[in-house]
Amino acid sequence: MKTTTTAGKIPAWLSRRSPAAARLLTAGLLGLATPGCLVRQDLYDQARAEIQREREAGEKARAEAQLARAEAEQRSVQAAAIEAELSRLADDLRARDLRLSEVTTTEAGLARRLDELAAMNEELSARLRNAGQSVGQLANERGSLSAELAETRAKVDELRRHQAAAEARAARMRDVMEQLKEQVDAGKVRVGLRAGQLLIEVPGDVLFGAARAELTPAGRAVLDEIAGVLRTMPEWRFQVAAHTDNDRKQMKSARFSSSWDLSAARATAVVKRLVERGMSSRSLSAVGYGEFSPVGPNDTAAGRAKNRRIEIGLVAEPEQTGPPGPPGETGKAAGAKGAVAAP
């Protein structure tokens, strides 16, 4: 009679997942199925050790799988950020291509017109030659059109240069705003463009006390940050323009005879601080506008506070030469107390 052992009933899934566990279970069942027979201790210990190693290997594999999933998620986030940046750059490139296409279309239209006139000139010349007439006048017209086309092409080139310069200024302004972001967010500094040129505006009350020309500790800290940004552009020239309100009583109590005197002293104090913090004195000039270039009404406290301000404006880019003028306000120079050179 054939005997069926208990070991033959070990589940197949257990043998596949943990051979060591299957061997341990088989040994135990054989020991139970055979009267008077015991499982060898060394086989039992060996099977237990293999089970422990398989368990540790399984835990290590699960940890590695979890780490791989985390790394995959991080790479997915990075890829999404890169894709967004590429999309933004593509939009900027399409906008620039559109502007260049418009200019190129104008140039192509002029070239086609010149070709049409040249063909007409040839036809008329042939007719005039047959009639024995002079073609000098038509030659002059052609020369005039050629000169016009050359002039137009020169203007197109100039427009392209201006566009490149404007884009460079906008990039520079974004860079300055980013570096002064903390001061801008705190309302201590405003960054913008005036007449296409960079302008940094600081409220006068941030830098000075009432009717005073000595920088406050907070004002010096603000100017130190501005100097840290502007001294990275040593080839650019800036003008410090100081403005006041029309409260002359406080000026006289502070021993200033006029708003011009106060504004000139404040502009000079700002220039000196910027130079102390590393800016080149050759890149700076100072001018006081007094109360004569207001941006708000002087009959309200809020309006007077707006008028008390310091403007640090770009007046000459690296390729420009000649003496600097006021930052975008040449028409107001008559109201300023003459430019004060940097020390």
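Tell me, yes or no, whether segment 120-136 has at least one residue that is assigned to a helix (DSSP H, G or I), at pLDDT below 85, open to solvent by 70 Å² or more (accessible area, probe 1.4 Å) and aliphatic (A, V, I, L, M).
no
Report yes if some residue within segment 240-254 is open to solvent by less than 40 Å² (accessible area, probe 1.4 Å), more than 18 Å from PRO294 (Cα to Cα), modelled with pLDDT of 95 or more and not small (Gly, Ala, Ser); otherwise report no.
Among the residues of segment 240-254, not one is open to solvent by less than 40 Å² (accessible area, probe 1.4 Å), more than 18 Å from PRO294 (Cα to Cα), modelled with pLDDT of 95 or more and not small (Gly, Ala, Ser), which makes the answer no.
What are the pairs, 6+ residues apart or on separate chains, where a residue within segment 51-79 that is free of Cβ contacts under 8 Å to residues at least 40 places away in the same chain has its Cβ under 6 Å from a residue that is of a type in the set (A, V, I, L, M) and not in a helix (DSSP H, G or I)?
none
Are there any pairs, at least 6 apart or on different chains, whose C-beta atoms fall under 6 Å, with the first in segment 153-172 and in a helix (DSSP H, G or I) and the second open to solvent by less than 60 Å² (accessible area, probe 1.4 Å), and if so, which?
VAL156/VAL103; VAL156/GLU107
Under 28 Å from SER293 (Cα atoms), at pLDDT below 90, out of contact with any helix residue (DSSP H, G or I) (no Cβ under 9 Å at 6 or more places or on another chain) and not in a helix (DSSP H, G or I) - does that describe any residue in segment 173-194?
Yes, segment 173-194 contains at least one residue that is under 28 Å from SER293 (Cα atoms), at pLDDT below 90, out of contact with any helix residue (DSSP H, G or I) (no Cβ under 9 Å at 6 or more places or on another chain) and not in a helix (DSSP H, G or I).
Within segment 147-155, can one find any residue that is under 30 Å from LEU223 (Cβ atoms) and either open to solvent by 60 Å² or more (accessible area, probe 1.4 Å) or not aromatic (Phe, Trp, Tyr) (or both)? Explain how you work it out, then say what you get.
If we filter segment 147-155 for residues that are under 30 Å from LEU223 (Cβ atoms), which is where we start, we get none.
The answer is no, given that none of the residues of segment 147-155 is under 30 Å from LEU223 (Cβ atoms) and either open to solvent by 60 Å² or more (accessible area, probe 1.4 Å) or not aromatic (Phe, Trp, Tyr) (or both).
Does segment 65-75 include one or more residues that are among the aliphatic types (A, V, I, L, M), assigned to a helix (DSSP H, G or I) and modelled with pLDDT under 85?
Within segment 65-75 (the criterion being among the aliphatic types (A, V, I, L, M), assigned to a helix (DSSP H, G or I) and modelled with pLDDT under 85), the answer is no, since none of the residues qualifies.
When you look at SER125, is it hydroxyl-bearing (Ser, Thr, Tyr) and closer than 30 Å to PRO318 by Cα, yes or no?
no
Do we find that ARG88 is charged (D, E, K, R), closer than 30 Å to GLU167 by Cα and open to solvent by 100 Å² or more (accessible area, probe 1.4 Å) in this structure?
It is true that ARG88 is charged (D, E, K, R), closer than 30 Å to GLU167 by Cα and open to solvent by 100 Å² or more (accessible area, probe 1.4 Å).
Results for (1) out of contact with any Asp or Glu (no Cβ under 6 Å at 6 or more places or on another chain); (2) free of Cβ contacts under 8 Å to residues at least 12 places away in the same chain; (3) open to solvent by 20 Å² or more (accessible area, probe 1.4 Å); (4) closer than 20 Å to THR216 by Cβ, shown as yes or no for each residue.
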residue	(1), (2), (3), (4)
THR232	yes, yes, yes, no
ASP261	yes, no, yes, yes
ALA265	yes, no, yes, yes
VAL270	yes, no, no, yes
VAL275	yes, no, yes, yes
SER283	yes, no, no, no
ILE312	yes, no, no, yes
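Just to check your reading of the model, which residue among VAL206, VAL189 is in contact with an Asp or Glu (Cβ under 9 Å, 6 or more places away or on another chain), open to solvent by less than 50 Å² (accessible area, probe 1.4 Å) and in contact (Cβ under 8 Å) with a residue 12 or more places away in the chain? Please lay out each step first, then the result.
Working: VAL206 fails: in contact with an Asp or Glu (Cβ under 9 Å, 6 or more places away or on another chain).
Result of the check over VAL206, VAL189: VAL189.
The values are calculated or read from the model by the stated rules, or taken from the named source; none is laboratory data. Note that the structure is a prediction, hence the values are computed from the model and not measured. Quick reminder, even Gly has a Cβ in these numbers, built from the backbone with ideal geometry, and neighbours come from all protein chains shown. Note: areas computed on protein heavy atoms with side chains; ligands, DNA, RNA excluded. Shrake-Rupley method; radii C 1.70, N 1.55, O 1.52, S 1.80 Å.
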